[in-house]
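> Before I ask anything, let me first share the structure, which is written out below as structure tokens.
The values are calculated or read from the model by the stated rules, or taken from the named source; none is laboratory data. Quick caveat, the model's predicted, so the values are computed rather than measured. Quick reminder, even Gly has a Cβ in these numbers, built from the backbone with ideal geometry, and neighbours come from all protein chains shown. Heavy atoms of the whole protein, side chains included, go into the accessibility calculation; ligands, DNA and RNA do not. Shrake-Rupley method; radii C 1.70, N 1.55, O 1.52, S 1.80 Å.
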Amino acid sequence: KAGVTQTPRYLIKTRGQQVTLSCSPISGHRSVSWYQQTPGQGLQFLFEYFSETQRNKGNFPGRFSGRQFSNSRSEMNVSTLELGDSALYLCASSLDIYEQYFGPGTRLTVT
Amino acid sequence: DQQVKQNSPSLSVQEGRISILNCDYTNSMFDYFLWYKKYPAEGPTFLISISSIKDKNEDGRFTVFLNKSAKHLSLHIVPSQPGDSAVYFCAAKNSGNQFYFGTGTSLTVIP
């Protein structure tokens, strides 16, 4: 069974630009969660989508948004990028709420 | 506010000995706890979990202990192997199904 895939793997953007990251979950998984990982903060929860609906949201500004499509693929968008948005963005899919399967992440660098 | 804390950023252990990774949390309403392992350039992979109604869960070389009164979680790896060298994250789930992760402990097992 194919794992969680994330594209692109690496991205360099300039302050003020916007970016869209993509996540394809494991086949059959309807829940997709997004996390931001930075060295000092660990993994911080952004939001979770289930059957195209945002079910949970972390404590991030409105510049961070997401959506999920009918095939469970999910996208995350960050508008008006700031230097502090540089991080590894991880996507995780799950069949039930207890065990999440993570993708390799997208490394975003904002210059 | 970091609700899940891993106060040791790194740990070195000799091969064959026990590795003990620690995690503290502040929210007594967490109902499920997990440990993840992360290799460089890969997403975290699920290792072991424990419900808040239990105090111990074992899976092969890995045992997780939960001390609810101390709000403390630990992962024991016995015996430690060089392949166990990775970053370990503890995570906790609340009743709203949001996950909170620690900042990680980098384990090095010395052959």
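> Starting at the first residue of the stretch B:88-105, write each ³J(HN,Hα) from the Karplus equation 6.51 cos²θ - 1.76 cosθ + 1.60 with θ = phi - 60°, in whole Hz, x for Gly and Pro.
Calculated HN-Hα couplings, in order: 10, 10, 9, 9, 9, 10, 9, 5, x, 6, 9, 9, 10, 10, x, 8, x, 10 Hz.
> Using amide H atoms built 1.01 Å from N in the peptide plane, name the residues 5+ places from B:R17, or on other chains, whose amide H lies under 5 Å from its own.
B:S80
> What are the ³J(HN,Hα) couplings of the stretch A:101-111, residue after residue, when phi is run through the Karplus curve with 6.51, -1.76, 1.60 and θ = phi - 60°? Round to Hz, x for glycine and proline.
With coefficients 6.51, -1.76 and 1.60, one gets 10, 9, x, x, x, 10, 8, 9, 10, 10, 10 Hz.
> Here is a further query. Round to a whole number: what % of the accessible area of chain B belongs to carbon and sulfur, probe 1.4 Å?
The nonpolar share, carbon plus sulfur, comes to 49 percent.
> Same structure again: Determine Rg/Rh for chain B; Rg is computed over alpha-carbon atoms and Rh is the Kirkwood hydrodynamic estimate from the same atoms.
0.95
> Right, another one. Taking R0 as 22 Å, what FRET efficiency do you get between A:T38 and A:T14 from their Cβ-Cβ distance, rounded to the nearest 0.05?
Efficiency at R0 = 22 Å is approximately 0.70.
> Short version: ³J(HN,Hα) in whole Hz for each residue of the stretch A:69-76, in order, from phi by Karplus 6.51 cos²θ - 1.76 cosθ + 1.60 (θ = phi - 60°), x for Gly and Pro, what are they?
Taking θ as phi minus 60°, the curve returns 9, 5, 8, 6, 4, 10, 10, 10 Hz for the stretch A:69-76.
> Kirkwood hydrodynamic radius for chain A: how many Å is it when counted over pairs of different Cα atoms?
Final number for the Kirkwood radius of chain A is 13.8 Å.
> Roughly what % antiparallel, to the nearest 5, for the DSSP beta bridges in the protein assembly as shown?
90
> Another question about this same structure. With chain B treated as a Gaussian network of Cα nodes joined by springs under 10 Å, which of B:K54, B:K68, B:K93 yields the largest mean-square fluctuation?
Judging by the Gaussian network model, the answer is B:K54.
> What is the set of long-range amide H partners of A:Y98 at a cut-off below 5 Å, with H atoms built 1.01 Å from backbone N?
none
> Work out the P(r) tail for the stretch B:56-111: percent of alpha carbon pairs separated by more than 18 Å, whole number.
When all Cα pairs of the stretch B:56-111 are counted, 44 percent exceed 18 Å.
> Please give the Cα centre distance for the stretch A:31-68 versus the stretch B:63-107, rounded to the nearest Å.
Using only Cα atoms to place each centre, the spacing works out to 21 Å.
> If I histogram all Cα-Cα distances within the protein assembly as shown using bins 5 Å wide from 0, what percent of pairs lands in each bin?
Final binned percentages: 1, 7, 15, 18, 19, 16, 12, 7, 3, 1, 0.
> Are there any GluC sites (Glu not before Pro) in the stretch B:1-95 that are in a DSSP loop and have at most 15 other Cβ atoms within 10 Å? List them by number.
Those satisfying the criteria are B:E15, B:E42.
> Strictly over 19 Å apart at the Cα level, which of A:K57/B:K56; B:K71/B:K93; A:K13/A:K57; B:K37/B:K93; A:K13/B:K38; B:K37/B:K68 would you flag in this model?
Too far apart for the 19 Å limit: A:K57/B:K56; A:K13/A:K57; A:K13/B:K38; B:K37/B:K68.
> So, one more: Restricting to Cα pairs below 8 Å that are 6+ residues apart, what does the relative contact order work out to for chain A? Please round to a whole percent.
36
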